[in-house]
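Presented below is the structure to which this report refers.
The values are calculated or read from the model by the stated rules, or taken from the named source; none is laboratory data. This structure is a prediction, so every number in the text was calculated from the model and none was measured. Here the Cβ positions follow ideal geometry from the backbone for every residue, glycine too, while neighbour counts run over all protein chains shown.
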Amino acid sequence: MRLAKYLAEAGIASRRKAEEMIALGRVKVNGQLIQKQGVKINPEEDVVEVDDKIVRKTGSDKIYILLNKPAGYISSVHDPQGRPTVVDLIKNINTRIYPVGRLDFDTEGLLLLTNDGEFTNLMIHPRYKITKKYEAWVKGNITEEALNILRRGVILEDGITAPAGVKIVKRKKDKTLLEIKIHEGRKRQIKRMCAAVGYPVIKLKRTAFAFLNLEGLDTGEYRYLTLDEVKKLKQIALNEGVKS
Ligand code: URA
């Protein structure tokens, strides 16, 4: 297997960034510095190090991917209308993977994909309360009163929303950038919350999911989660599940 592919699949970085890391002299195979592209390794036998730390692969048939979703892709495996799907962005996968929850067609940002149904259930079930962070540009200059309603709970047709963390990041002449943290995952929740208080969303991006963020990933890029990240996500969900 090519070294950059191995690093990408081990969750170190996207394949392009892994190539940069190799060129920068950060990668060793069996103790030997490798700066050439295209070197092949045997994942079963060779010891790969990045910044002098040994890289471990997931070592199972389960796949966990963190994608920086672009707008214009649908969060499903197949679209009857023929629109591009998030799965189309993931290359060289020979097993069926699907998104963990959904981001709208026009929403960007952090989306997980996997072939692990149990993991998906832990991540999306409201009982497990995984925190999701969004950046939302809303139309107009939002008032303190509207912010407080968003924080306390907004009445939507499917019930009042749970308390949310809401901060202003930036104000422009006729729009406001908000950071919103929620742990529910209702359909179009952020857009419906903001519209309900009179400030419709113009642009939406998910920037964090639990402790995961988009660092090092441009729009459309992805990386594999590390074994430790998967373990930690499961722990967070299960701890929250016990509390509720
Ligand atoms: N809330 C929305 O309104 N849309 C999304 O895609 C995600 C959260």
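Given the residues 20, 44, which is the only one that is part of a loop (DSSP other than H, G, I, E, B) and free of Cβ contacts under 8 Å to residues at least 12 places away in the same chain? Before the answer, list the steps.
Values: 20 fails: part of a loop (DSSP other than H, G, I, E, B).
After ruling out the rest, the residue left standing is 44.
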message = I'm trying to understand the selection: among the residues of segment 165-204, which are among the charged types (D, E, K, R) and in contact with a Leu (Cβ under 8 Å, 6 or more places away or on another chain)?
response = 167, 170, 171, 186, 191, 192
message = Among the residues in segment 214-230, are any within 19 Å of residue 103 (Cα to Cα), aromatic (Phe, Trp, Tyr), under 21 Å from the mean Cα position of the chain (by Cα) and not assigned by TED's automatic domain parsing to the domain that holds residue 106?
response = no
Residue identified as at pLDDT below 90, part of a loop (DSSP other than H, G, I, E, B) and under 26 Å from residue 205 (Cβ atoms) among 82, 11, 59, 72 = 11
request  = Tell me which of these residue 65 doesn't satisfy, since it passes every other one: (1) within 16 Å of the ligand (Cβ to nearest atom); (2) under 30 Å from residue 169 (Cα atoms).
outcome  = (1)
ask   = Among the residues of segment 132-151, is any under 16 Å from the mean Cα position of the chain (by Cα), in a loop (DSSP other than H, G, I, E, B) and away from the ligand (no atom under 12 Å from the Cβ)?
value = no
message = Quick check on my filter: what residues within segment 86-131 are within 16 Å of the ligand (Cβ to nearest atom) and in a loop (DSSP other than H, G, I, E, B)?
response = 100, 101, 102, 103, 104, 105, 106, 107, 129, 130, 131
inquiry  = Here are the criteria: (1) touching a strand residue (DSSP E or B) at 6+ places or on another chain (Cβ under 8 Å); (2) more than 30 Å from residue 136 (Cα to Cα); (3) surrounded by 10 or more Cβ atoms within 10 Å (Cβ to Cβ). Tell me which single one residue 93 does not satisfy.
reply    = (1)
remark   = Those residues of segment 160-195 that are in a loop (DSSP other than H, G, I, E, B), within 23 Å of residue 211 (Cβ to Cβ) and basic (Lys, Arg) come to a total of 1
key: Every residue from segment 72-85 that is loosely packed, with under 13 Cβ neighbours inside 10 Å and more than 16 Å from the ligand (Cβ to nearest atom)   = 78, 80, 81, 82
request  = Give the residues of segment 171-222 that are more than 12 Å from the ligand (Cβ to nearest atom), free of Cβ contacts under 8 Å to residues at least 40 places away in the same chain and not acidic (Asp, Glu), sorted by residue number.
outcome  = 171, 172, 173, 175, 176, 211
inquiry  = Just the residues that are touching a Lys or Arg at 6+ places or on another chain (Cβ under 9 Å) and closer than 20 Å to residue 221 by Cβ, please, taken from segment 24-60.
reply    = 37, 50
